[in-house]
Amino acid sequence: MKRFYCLFLLLACPALADLEWRSFESADKTKSFQGRLVGYNPSSRKVTVQKKTTLRPVTFSVSLLSAEHQKYVEDRAVELEAMLLLMSSFWVA
């Protein structure tokens, strides 16, 4: 079981390292905010971002983001899922 966790942690490290604060822009690029990606649901196309100013998670439709940031979110969907699974396995164990 320890081998499984080590392998899983190794695969999740890129996701953990990529949780930096970044600027997210609206689809029309008139608004932006600093935050970090903490969740994405591909079936409902909802994204959760932790805002830097309030540290509160905010969930909204990914279509509200610019095309560049939509791609960023969708490219990291698998990494986020792996990270959340890893975190939940440590809380349960």
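When you scan region 73-91, do you find a residue that is assigned to a strand (DSSP E or B) and either at pLDDT below 95 or surrounded by 11 or more Cβ atoms within 10 Å (Cβ to Cβ) (or both), even just one?
no
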Close pairs (6 angstrom Cβ cut-off, 6 or more residues apart or separate chains): within 16 Å of SER43 (Cα to Cα) in region 62-73, of a type in the set (S, T, N, Q) and assigned to a helix (DSSP H, G or I) anywhere | VAL62/GLN70
Give just the number: which of (1) open to solvent by less than 90 Å² (accessible area, probe 1.4 Å); (2) within 11 Å of the chain's Cα centre (by Cα); (3) aliphatic (A, V, I, L, M) does ALA67 not satisfy?
-> (2)
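The values are calculated or read from the model by the stated rules, or taken from the named source; none is laboratory data. These numbers were taken from a predicted model, which means no experiment stands behind them. For neighbour counting, all protein chains shown are included, and Cβ atoms are generated from backbone atoms with ideal geometry for every residue, glycine included. Calculation scope for accessible area: heavy atoms of the full protein, side chains included, ligands and nucleic acids excluded. Shrake-Rupley method; radii C 1.70, N 1.55, O 1.52, S 1.80 Å.
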